[in-house]
Amino acid sequence: MSDNNIKNLKTSIEETMPETGHGSLLKTRSLSSDAFPHVRMRRLRRTSAIRDLVRENTVTANDLIVPLFVEENIDERLPLSTMPGVFRETEKSLEVAVKDIAASGVKSVMLFGVSHNKDHNGSDSMDPNGLLARMIDRAKQAAPELMVIADVCFCEYTDHGHCGPLCADGDVDNDRTIENIAMQSVIAAEAGADMIAPSGMMDGQVSAIRHTLDVTGFSHIPVMAYAAKFASVFYGPFRDAVDCKIGKNANVRSDRKSYQMDPANVREALRDALLDEREGADILMVKPGIAYLDILAKLRQQSELPLAVYQVSGEYAMLRFAAQAGALNYQDAMMESLLAFKRAGADMILTYAGADVARFVNEGKPFNI
Ligand code: PBG
């Protein structure tokens, strides 16, 4: 188009421009401008149909994994006061819980034991008749189509509450722990676990587990590494839930900072996660979620593996209690948080709200804002 033609076109548009109240502003802009008034972002936000068309991320039941607590030797499921809506299931009520989750459309659960048989090493979790093996078997029998992920760690089974046996100085013995965790993983796989998720943050645990599974006939079982797990205060309600508070004994360290990550560190988290990838992890997890979205987004740039994120007990509790106090709508706040994980790069989300969320989504109205 010649300069003259452009000039004529501009003049004719200016003459026919509707009165918007911004007339002078509109007329000062050049036609080739890529900003207002030629560009109006609100065009793609005008109706819910168009918003549905341009939406970049969604949360579906396919994305969710529900953590469940199972306590041995109790007669009735117990509600958890710090996690409204969550229970310690009995070994029997676990059957109902997994069937209910499967019916909601969620396809995976992760099991945590509440042990009455604790010792220094957490040996009950390495016993083929122990709680870990029994609950996996029970869940698989009750809902065979549901994927059962075994969290492999020792803190629920040790009398001192740490994630492995202790050295003389009171710190967790890394290399003994990874030998034990490899054994625990085989026990879990033999009981029917579909995936192994080591959460202890011990060095070398992924390769120890991968190697041991491979030589015991479980080369088909994937490992989801708690790859960047921070020493977070947001695990507080979980430690009540599984009764693994640490620091009760004077000679035992009262925190997990010698193995879980410093919340201040980004590069270290990426290094640790990428080491897990090299050790053979199939999926990398970031934990907690909402306060660590930067780690998730950066890891998404550096790894091609599927990424998981854990919306931990404290995050769930914050939303629940804020909703109970009338400060937030639970459904909307939950969905917005989960969407943030998808946006930051998560493929899958562990959340205590999983069955609720599947129902919100399946009712076709994930948001009522
Ligand atoms: C055990 C484990 C913990 C969580 C998952 N696995 C507790 C911890 O590391 O202290 C926390 C989960 C949550 O807070 O929801 N290693």
*If you go through segment 254-289 one residue at a time, how many are in contact with a Gly (Cβ under 8 Å, 6 or more places away or on another chain) and within 17 Å of residue 200 (Cβ to Cβ)?*
4
_Which listed residue is more than 22 Å from residue 189 (Cβ to Cβ) and hydrophobic (A, V, I, L, M, F, W, C), from 142, 103, 133_ = 103
*asked:* Let me confirm something: among 62, 129, 73, 57, which residue is surrounded by fewer than 17 Cβ atoms within 10 Å (Cβ to Cβ) and touching a residue at least 60 places away in the same chain (Cβ under 8 Å)?
replied: 57
*What number of residues within segment 78-116 satisfy the criterion of being part of a helix (DSSP H, G or I), out of contact with any strand residue (DSSP E or B) (no Cβ under 7 Å at 6 or more places or on another chain) and either free of Cβ contacts under 8 Å to residues at least 60 places away in the same chain or of a type in the set (Val, Ile, Thr) (or both)?*
6
*Take segment 259-285 and flag every residue that is within 13 Å of the ligand (Cβ to nearest atom) and over 18 Å from the mean Cα position of the chain (by Cα).*
259
*asked:* I need the full set of residues from segment 195-234 which are within 13 Å of the ligand (Cβ to nearest atom) and surrounded by fewer than 22 Cβ atoms within 10 Å (Cβ to Cβ), in order please.
replied: 231, 232, 233
*Tell me which residues, restricted to segment 297-339, are out of contact with any Ser or Thr (no Cβ under 9 Å at 6 or more places or on another chain), charged (D, E, K, R) and within 16 Å of the ligand (Cβ to nearest atom).*
320
*Quick check: anything in segment 174-189 assigned to a loop (DSSP other than H, G, I, E, B) and surrounded by fewer than 21 Cβ atoms within 10 Å (Cβ to Cβ)?*
no
_Suppose the filter is under 22 Å from the mean Cα position of the chain (by Cα) and either away from the ligand (no atom under 13 Å from the Cβ) or not aromatic (Phe, Trp, Tyr) (or both); does residue 179 pass it?_
no
*Taking interchain pairs and intrachain pairs at least six residues apart, which have beta carbon atoms under 8 angstrom, with the first residue in segment 298-316 and closer than 13 Å to residue 347 by Cα and the second among the basic types (Lys, Arg) and more than 16 Å from the ligand (Cβ to nearest atom)?*
307/300
_Of everything in segment 197-226, what is of a type in the set (Asp, Glu) and under 19 Å from residue 155 (Cα atoms)? Give them in sequence order._
203
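Condition check ((1) farther than 19 Å from residue 288 by Cα; (2) touching a residue at least 40 places away in the same chain (Cβ under 8 Å)) across all residues:
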{"residue": "157", "(1), (2)": "yes, yes"}
{"residue": "160", "(1), (2)": "yes, yes"}
{"residue": "179", "(1), (2)": "yes, no"}
{"residue": "183", "(1), (2)": "yes, yes"}
{"residue": "194", "(1), (2)": "yes, yes"}
{"residue": "212", "(1), (2)": "yes, no"}
{"residue": "216", "(1), (2)": "yes, no"}
{"residue": "222", "(1), (2)": "yes, yes"}
{"residue": "232", "(1), (2)": "no, yes"}
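A short reminder: the numbers here are calculations on the coordinates, not readings from a lab. Given the structure is predicted, the values throughout are model-derived calculations rather than measurements. No Cβ is skipped: glycine too gets one built from the backbone with ideal geometry, and neighbour counts run over all protein chains shown.
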